[in-house]
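Accompanying notes for the structure given below.
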Amino acid sequence: MQTRVQEVKNFVISGLKIHECKTDDISEQWEELAEVLEDYDVQHDVLYGVFVDLTDDGIRYLAGIKEDYMPEDVPTESVSIASGKYLVGELSSINDLEKAFRELSSHQDYIHRPGISFEKYKGKALDQIEVWVPIE
């Protein structure tokens, strides 16, 4: 996995709903989001998967797009991604997501800071996958 450090200004991700789920249930959120974006003919080439926090039963997760692209009449929930530095891992397969989050979150060369980690899917086929973990 190739890594880099990148700094971002804060931005907001909007999705249909923050779900409390197991990681196996996340694909249902993506299907719901895809239907809404298609119904509203939303033009996008970047999607975000946001790990809001851990719960006793799994995770709280939001599948979404940048708030600016979400149609105003779609009821949504939003998560703010804080400004700062992130350790970014580039993946070649979605099957490597969990492993990448573990590796980046425990990387000893960086001081990790509290914050929200997220996935970023880029390209027309959404085949460019990145994992973003907050660092100092």
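Taken together, the values in this text are just the output of simple stated rules run on the coordinates, not laboratory data. None of these values were measured; they are calculated from a predicted model. Quick reminder, even Gly has a Cβ in these numbers, built from the backbone with ideal geometry, and neighbours come from all protein chains shown.
Amide H to amide H, with H built 1.01 Å from N, Q128 comes under 5 Å of K122, counting only residues 5 or more places away or on other chains.
Each part gets one Cα centre, and for segment 76-136 versus segment 1-52 those centres are 12 Å apart.
Secondary-structure-derived ellipticity at 222 nm for the chain, considering helices only, amounts to -5000 deg cm²/dmol, per-run term -39500 (n - 2.57) for DSSP H runs with n ≥ 4. Extension gain, K122-K66: 0.36 nm per intervening residue step, less the Cα-Cα distance, totals 18.9 nm. Only Lys, Arg, Asp and Glu carry charge here, each on its Cβ (+1 for the first two, -1 for the last two); on that basis the chain has a dipole of about 760 debye about its Cα centre.
Taking the longest Cα principal axis of the chain as reference, the axis of helix 26-39 is set at about 40 degrees. Full extension of the chain between E38 and D56 yields a length gain of 3.1 nm, computed as 0.36 nm times the residue separation minus the alpha carbon distance.
The GluC sites (Glu not before Pro) found in segment 50-106 that occupy coil by DSSP, while having at most 16 further C-beta atoms within 10 Å, are E72. Backbone geometry of segment 62-79 corresponds, through the Karplus equation with coefficients 6.51, -1.76 and 1.60 at θ = phi - 60°, to 3J(HN,Hα) couplings of 10, 9, x, 9, 4, 3, 4, 8, 6, x, 5, 8, 8, x, 9, 10, 10, 10 Hz, x marking Gly and Pro. Using R0 = 41 Å, the C-beta based FRET efficiency linking M1 and V74 works out to 0.75.
Placing R0 at 41 angstrom, the Cβ-Cβ distance between E31 and D109 gives a FRET efficiency of 0.65 after rounding to 0.05. Cross-linked pairs K85/K120; K99/K120; K9/K99; K22/K66; K17/K85; K17/K66: Cα-Cα separations exceed 18 Å for K9/K99; K22/K66; K17/K85. Shape class of segment 77-117 from the alpha-carbon gyration tensor: oblate, with a/c at 1.5 or above and b/c at least as large as a/b. Net charge of the neighbourhood of F51, taken over other residues with C-beta under 14 Å away and scored Lys/Arg +1, Asp/Glu -1, is -2.
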